[in-house]
Amino acid sequence: MQPDTLNIAVLVSEGQHPVSGRARRAHQDACALELALSLPQSLNGKVSAIHAGDPEQDALRDYLGMGIDGLTVLKQTAEDDALAVLYPYLSEQQPDILLTGV
């Protein structure tokens, strides 16, 4: 009998390089995603990355290079409260584990 799938959601955002200020993936968010992806296969985990913001941010592609199948983007402006889109989405998805950066 196959164990139930463990649903792991990771919130990701755009960060900035500390010296150049250039947009890149956020370091702590990338660490959270790396942690989720490193869980043993025996846990039968399904990892999903979620971003609340602008889907056109170039830095989001950096997360795709980490080995995830895709990235869910909940479109909103920089002035919007992320909880307004994250709460309903996460309530519907009901992940078993939610990982974030700082």
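The values are calculated or read from the model by the stated rules, or taken from the named source; none is laboratory data. Nothing here was measured: the structure is a model prediction, and the numbers come from that model. Ideal geometry is used to build each Cβ from the backbone, glycine not excepted, and the neighbour counts take in all protein chains shown. With ligands, DNA and RNA removed, areas are computed over all heavy atoms of the protein, side chains included. Shrake-Rupley method; radii C 1.70, N 1.55, O 1.52, S 1.80 Å.
The figures follow:
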read-out	value
Long-range neighbours under 8 Å by Cβ, at least six apart or interchain, first residue in contact (Cβ under 8 Å) with a residue 24 or more places away in the chain and closer than 25 Å to SER38 by Cβ within region 56-76, second aromatic (Phe, Trp, Tyr) and surrounded by 10 or more Cβ atoms within 10 Å (Cβ to Cβ)	LEU71/TYR63; THR72/TYR89
Residues located in region 29-63, provided they are open to solvent by 80 Å² or more (accessible area, probe 1.4 Å) and either among the aliphatic types (A, V, I, L, M) or touching a strand residue (DSSP E or B) at 6+ places or on another chain (Cβ under 8 Å) (or both)	LEU35, LYS46, ASP58
Residues within region 1-35 that are closer than 22 Å to LEU83 by Cα, assigned to a helix (DSSP H, G or I) and not acidic (Asp, Glu), tallied	6
Contacts under 9 angstrom Cβ, first residue in region 77-91 being closer than 14 Å to VAL10 by Cα and in a helix (DSSP H, G or I), partner modelled with pLDDT of 95 or more and open to solvent by 70 Å² or more (accessible area, probe 1.4 Å), 6 or more apart	LEU90/LEU98
Within region 16-54, considering residues that are farther than 17 Å from ILE68 by Cβ and either polar (S, T, N, Q) or in contact with a helix residue (DSSP H, G or I) (Cβ under 6 Å, 6 or more places away or on another chain) (or both), the one modelled with the lowest pLDDT	SER42
